[in-house]
1. Quick check on A:SER42: is it under 24 Å from B:LEU91 (Cα atoms), within 12 Å of chain B (Cβ to nearest Cβ) and touching an Asp or Glu at 6+ places or on another chain (Cβ under 9 Å)?
2. Looking at segment A:82-101, is at least one residue touching a residue at least 40 places away in the same chain (Cβ under 8 Å), within 13 Å of another protein chain (Cβ to nearest Cβ), surrounded by 15 or more Cβ atoms within 10 Å (Cβ to Cβ) and touching an Asp or Glu at 6+ places or on another chain (Cβ under 7 Å)?
3. Which residue out of A:VAL78, A:VAL112, A:VAL67, A:VAL46 is β-branched (Val, Ile, Thr), surrounded by fewer than 20 Cβ atoms within 10 Å (Cβ to Cβ) and under 29 Å from B:LEU46 (Cβ atoms)?
4. When B:LEU91 is evaluated against the numbered criteria (1) in contact (Cβ under 8 Å) with a residue 40 or more places away in the chain; (2) part of a loop (DSSP other than H, G, I, E, B); (3) within 15 Å of the chain's Cα centre (by Cα), which criterion, by number, is the only one it fails?
5. So in segment A:13-37, with the set limited to residues that are more than 17 Å from A:ILE49 (Cα to Cα) and crowded, with 17+ Cβ neighbours inside 10 Å, which one is nearest to the other protein chains (Cβ to nearest Cβ)?
6. Kindly indicate whether any position in segment B:93-102 is away from every other protein chain (no Cβ under 14 Å) and crowded, with 20+ Cβ neighbours inside 10 Å.
7. Out of the residues in segment B:24-77 that are among the acidic types (Asp, Glu) and modelled with pLDDT of 90 or more, which is nearest to A:VAL7 (Cα to Cα)?
8. Considering only segment A:66-86, I want to know if a residue exists there that is among the hydroxyl-bearing types (Ser, Thr, Tyr) and part of a loop (DSSP other than H, G, I, E, B).
Amino acid sequence: AQRVTQVQPTGSSQWGEEVTLDCSYETSEYFYRIFWYRQLFSGEMVFLIYQPSFDTQNQRSGRYSVVFQKSFKSISLVISASQPEDSGTYFCALSEPYQGGRALIFGTGTTVSVSP
Amino acid sequence: NSKVIQTPRYLVKGQGQKAKMRCIPEKGHPVVFWYQQNKNNEFKFLINFQNQEVLQQIDMTEKRFSAECPSNSPCSLEIQSSEAGDSALYLCASSLSGGQDTQYFGPGTRLLVL
């Protein structure tokens, strides 16, 4: 069965520091994607980055990057030079192949607070 | 900023009342998903559409929840008889195509059932 686990419920950082958020998952599929979203305090979910399973290269997008350890079914989101605006709850989500659109399977998130 | 529009942002209902929320997907996105997020940050997939057709829905959705995505009108999710356990954030997401395309979320409708 599919499952996504984020064991760190909270985290904190000072302005300018690097933040690393961990996620592990279970899947029996060969092709899948792992997405990272940030949920603002308003509730809005903002897409950050995704990692396809077939790509051995760690993805980067601006200040966001991932460390993908496929053999361990583990992925970390790295936020470089964190800013107070990065505060929020970060969710890792698994997407498996399914024609027509497969629902995302989410972890329970890590709430990050970045101090000025 | 999200291009998926959800209304209303907040909804307060009594038990047994109907609760209806709407979603306008991002332009050009034919696939729409509805999720329920509870206060423990647990997400439950409810239903998804491709254009006007239902692709998948869970059992709960078949019983008390109804949803549609009519052509040229907002998608909607309606709870026929609200229960306290329905209090949650309801998130609508849209994607460009099926498969594993990125889902873009709206701001959500926060439902409180008293």
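1. Working: under 24 Å from B:LEU91 (Cα atoms): yes; within 12 Å of chain B (Cβ to nearest Cβ): yes; touching an Asp or Glu at 6+ places or on another chain (Cβ under 9 Å): no.
No.
2. Looking for residues that are touching a residue at least 40 places away in the same chain (Cβ under 8 Å), within 13 Å of another protein chain (Cβ to nearest Cβ), surrounded by 15 or more Cβ atoms within 10 Å (Cβ to Cβ) and touching an Asp or Glu at 6+ places or on another chain (Cβ under 7 Å), one finds at least one in segment A:82-101, hence yes.
3. Values: A:VAL78 fails: under 29 Å from B:LEU46 (Cβ atoms); A:VAL112 fails: surrounded by fewer than 20 Cβ atoms within 10 Å (Cβ to Cβ); A:VAL67 fails: under 29 Å from B:LEU46 (Cβ atoms).
Step by step, each of A:VAL78, A:VAL112, A:VAL67, A:VAL46 is checked, and only A:VAL46 is β-branched (Val, Ile, Thr), surrounded by fewer than 20 Cβ atoms within 10 Å (Cβ to Cβ) and under 29 Å from B:LEU46 (Cβ atoms).
4. (2)
5. A:THR27
6. From segment B:93-102, those away from every other protein chain (no Cβ under 14 Å) are none; that's our starting set.
Scanning segment B:93-102 turns up no residue that is away from every other protein chain (no Cβ under 14 Å) and crowded, with 20+ Cβ neighbours inside 10 Å.
7. As a first pass, look at segment B:24-77 and keep what is among the acidic types (Asp, Glu): B:26, B:42, B:53, B:59, B:62, B:68.
Filter once more, keeping what is modelled with pLDDT of 90 or more: B:26, B:42, B:53, B:68.
On the way: B:GLU26: 33, B:GLU42: 14, B:GLU53: 37, B:GLU68: 36 Å.
Result: B:GLU42.
8. Of segment A:66-86, the ones among the hydroxyl-bearing types (Ser, Thr, Tyr) are A:71, A:74, A:76, A:80, A:82.
Checking which are part of a loop (DSSP other than H, G, I, E, B) leaves us with A:80, A:82.
Yes.
The values are calculated or read from the model by the stated rules, or taken from the named source; none is laboratory data. Bear in mind that the values here come from a model prediction, so they are computed numbers and not experimental data. Positions of Cβ are backbone-derived with ideal geometry, glycine not excepted, and every protein chain shown enters the neighbour counts.
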